[in-house]
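Inspection log for the structure reproduced underneath, given as structure tokens.
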Amino acid sequence: MNAKADATPALDLARIRADFPLLARQVHGKPLVYLDNANTSQKPRQVIEAVDRHYREHNANVARAVHQLGEEATGAYEGARDALARFINAPSRNEVVLTSGTTQATNLVAYSYALPRLQPGDAILTTVMEHHANIVPWQLVAARSGATVKAAPIDGRGELIVEKFVELLTPEVKLACVGHVSNVLGTVNPVRELARECRKRGIPLLVDGSQAVPHRPVDVQALGCDFYALTGHKMLAPTGTGALWAKKEHLDAMPPFFGGGEMIREVRFGGTTFADPPHKFEAGTPNIAGFAGVAAALDYYASLGFDAIRAHERALLDHATARLREVPGLRIIGEAAEKEPVISFLLEGAQATDLATLLDLEGVAVRSGHHCAHPLMQFFGVPATLRASLAFYNTHEEVDAFVAALLKVRKLLM
Ligand code: PMP
């Protein structure tokens, strides 16, 4: 679909790209073509300046000082919580726990929600296409409790087999965990439908939204899940920022995971009482400057609007898919009907890492490897793929430059 065909406002790419200082860089003497956005996004100057401003003008610790700077820092940090709550339509800001990223969020649920509930013979259900951050925490708590981790299968197109997922929602399953969007395949999972099936059986559903939030508006209430984990650095914000949204009833019932300052009501050797959620889960000094950047990142998304972002990304994905199909011997891994702009592929006769190294010399940054998704690589019977992952600031010309570079380096390896 063309951005102009459906009257969706088109993105002003020249203006947008001017906001991202790093996009103007050269790599190995070539203009950078950054197609590793699923790994981490680049940051607009608005985010960089928000972090810089925080340290220059407002730096102090949060929630402890009554002085002006302390109030400003607390305002920035708590303001990011408000902005994140609005961004995912959380019913309450108090249901948004600020974390260092998705990994901390899933581990928090593993140790604080799952572990106290799991009995020998219980199970956690996840899927074959998950990132390790949505597999390994479940394995760790399963090993401690005598529970098991089951994985719902996918088909050769890289789509979850929903009937099998539903079949696997047996009474021993105490938690189901699914990625909203696959970081390797781009597959968009039917989270609403999965949540409905989980609800019917009284099984809570955790959604790993890391790869969804940079591309589509998310409404946790409409999705109907219980937990939603996200990371800031893939959506324009600084590294070391993220959030876990969870229903109040779950947060109220969960014991704290980390202990320390900020998360208590009163500490006595006879027994310590804890702050209410979300602070109960936020021990220690957080990444305050990073969260000042999160608020700026969310403002940036709001200034563009997801309608325009989605129209452009769809057009880019279609263009990149069509262009890659022209490359002889190229096989795309992941051809789901509904995808975000992530394309994994293999080139006959060439190692993914060799290709990525040669592409780097052409200024093209793509990722090669297992993408923290070993079970998915095992499913497709490959050790690694190359992955081009696009963002709204990428252009059709960059896609063409990437394909031209691929055709060039392919010759060197054949
Ligand atoms: N889940 C998915 C789907 C991801 O792509 C990533 C990042 N590659 C993560 C979880 C982990 O995110 P973080 O390292 O920011 O915690």
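The values are calculated or read from the model by the stated rules, or taken from the named source; none is laboratory data. Computed from a predicted structure; not experimentally measured. Virtual Cβ from ideal backbone geometry, glycine too; neighbours counted across all protein chains shown. All accessible areas refer to the heavy atoms of the entire protein, side chains included, with ligands and DNA or RNA removed. Shrake-Rupley method; radii C 1.70, N 1.55, O 1.52, S 1.80 Å.
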Tabulate in residue order the Karplus-calculated ³J(HN,Hα) for region 256-261, using 6.51 cos²θ - 1.76 cosθ + 1.60 with θ = phi - 60°, rounded to whole Hz; enter x for Gly and Pro. x, 9, 9, x, x, x
On average over all directions, what projected area in square nanometres does region 145-231 have, based on the convex hull of its Cα atoms? 6.1 nm²
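Tell me, what % of the accessible area of region 48-302 is carbon and sulfur with a 1.4 angstrom probe?
Values: 5270 of 9990 Å².
Looking at region 48-302 in its full context, I get 53 percent from C and S.
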Build a GNM of the chain with springs between Cα atoms under 10 Å: which of ARG15, ARG310, ARG323 gets the top mean-square fluctuation? ARG15
Using the Karplus curve 6.51 cos²θ - 1.76 cosθ + 1.60 with θ = phi - 60°, work out ³J(HN,Hα) for each residue of region 96-106 in order, rounded to whole Hz, and write x for Gly and Pro. 10, 8, 7, 10, 7, x, 5, 4, 5, 5, 5
For labels at HIS396 and ASP155 in the simple 7 Å Cα→Cβ model, what's the distance in nm? 3.2 nm
Those residues of region 217-242 whose amide nitrogen sits under 18 Å from the label point placed on GLU193, 7 Å along Cα→Cβ: 222-225
Mind grabbing the accessible area of MET414 for me, 1.4 Å probe, Å², rounded to tens? 120 Å²
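Out of the DSSP beta bridges found with both residues in the chain, what percent are antiparallel (nearest 5)?
60 percent
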Compute, for the chain, the length of the dipole vector about the Cα centre, with Cβ point charges of +1 (Lys, Arg) and -1 (Asp, Glu) only. Units Debye, rounded to 20. 340 debye
Taking the alpha-carbon set of region 89-185, what are its Rg and Dmax in Å? 14.0, 41
What is the spread of the Cα atoms of region 1-155 along each of their three principal axes, largest first, in whole Å? 56, 53, 40
Calculated from DSSP helices alone, with each H run of at least 4 adding -39500 (n - 2.57) and the total divided by the residues of the chain, [θ]222 nm to the nearest 500 comes to -11000 deg cm²/dmol
Sequence-distant aspartates and glutamates (8 or more away, or on other chains) whose Cα lies within less than 19 Å of LYS280: GLU78, ASP82, GLU95, ASP226, GLU249, ASP252, GLU262, GLU266
Treating only the Cβ of Lys, Arg, Asp and Glu as charged (+1, +1, -1, -1), what charge dipole size does region 1-151 show about its Cα centre? Round to the nearest 20 debye. 280 debye
Using 7 Å Cα-to-Cβ label points, what is the ASP354/GLN221 separation (nm, one decimal)? 5.5 nm
Between GLU335 and LYS164, what is the label-to-label distance in nm when each label sits 7 Å out along the Cα-to-Cβ direction? 1.9 nm
Can you tell me the 0 to 90 degree angle between the C-alpha axis of helix 288-304 and the longest principal axis of the chain, rounded to 10? 50 degrees
Potential lengthening between ALA308 and LEU407 on full extension [0.36 nm per residue; Cα-Cα distance subtracted]: 32.6 nm
Environment charge of GLU57, counting only residues whose C-beta is closer than 15 Å and scoring Lys/Arg +1, Asp/Glu -1: -2
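Treat every Asp and Glu Cβ in region 77-124 as -1 and every Lys and Arg Cβ as +1, leave all other atoms uncharged, and give the resulting dipole magnitude about the Cα centre to the nearest 20 debye.
The dipole of region 77-124 has a size of about 40 debye.
Is the C-alpha gyration tensor of region 161-282 telling us rounded, prolate or oblate? Criteria: a/c under 1.5 is rounded; beyond that, a/b larger than b/c is prolate, otherwise oblate. Each step should come with its number before you reach the end.
Numbers: a/c = 2.80, a/b = 1.46, b/c = 1.92.
Oblate is the answer for region 161-282, as a/c is 1.5 or above yet b/c matches or exceeds a/b.
Just to confirm a number: summing +1 for Lys and Arg and -1 for Asp and Glu over residues other than ALA83 whose beta-carbon lies under 11 angstrom from that of ALA83, what do you get? Display every interim value, and only then the final one.
Details: positive: ARG81, ARG86, ARG93; negative: GLU78, ASP82, ASP299.
Local charge sum for ALA83: 0.
How much FRET efficiency would the formula 1/(1 + (r/R0)^6) give for ALA18 and ASP318, where r is the Cβ-Cβ distance and R0 is 22 Å, rounded to 0.05?
On the way: r = 26 Å, r/R0 = 1.16.
Once rounded, the FRET efficiency stands at 0.30.
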Work from the charge dipole of region 48-302 (Cβ charges, +1 for Lys and Arg, -1 for Asp and Glu, about the Cα centre) and give the residue of GLN119, PRO278, THR239 farthest towards its positive end. GLN119
In this structure, the FRET efficiency calculated for ARG25 and ALA143 from their beta-carbon separation, with R0 = 35 Å, to the nearest 0.05, is 0.20
Furthest towards positive pole of dipole, SER303, MET263, PRO341, structure part region 235-343, Cβ charges: PRO341
Where does helix 191-200 land angle-wise versus the long Cα axis of the chain, in degrees 0 to 90, nearest 10? 40 degrees
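What translational diffusion coefficient, to the nearest whole µm²/s, does the chain have by Stokes-Einstein, given a Kirkwood radius computed over alpha-carbon pairs, a temperature of 25 °C and 0.890 mPa s viscosity? Write down the numbers at each step before the final one.
Numbers: Rh = 22.3 Å.
After rounding, the answer is 110 µm²/s.
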Near LYS30, which lysines are there with a Cα under 17 Å away, not counting those fewer than 8 places off in the same chain? LYS408
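Counting heavy atoms of the protein chains only and a 1.4 Å probe, report the per residue accessible area for the chain as a whole number of Å². It would help to have the intermediate numbers written out before the result.
Working: 16920 Å² over 414 residues.
Using a 1.4 Å probe on heavy atoms only, each residue of the chain averages 41 Å².
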Using a Cα-Cα cut-off of under 19 Å, which lysines could be cross-linked to LYS200, ignoring same-chain neighbours fewer than 8 residues away? LYS164, LYS174, LYS247
Put +1 on the Cβ of each Lys and Arg and -1 on the Cβ of each Asp and Glu in region 48-302; which of VAL220, GLY209, ALA151 then has its Cα farthest toward the positive end of the dipole? ALA151
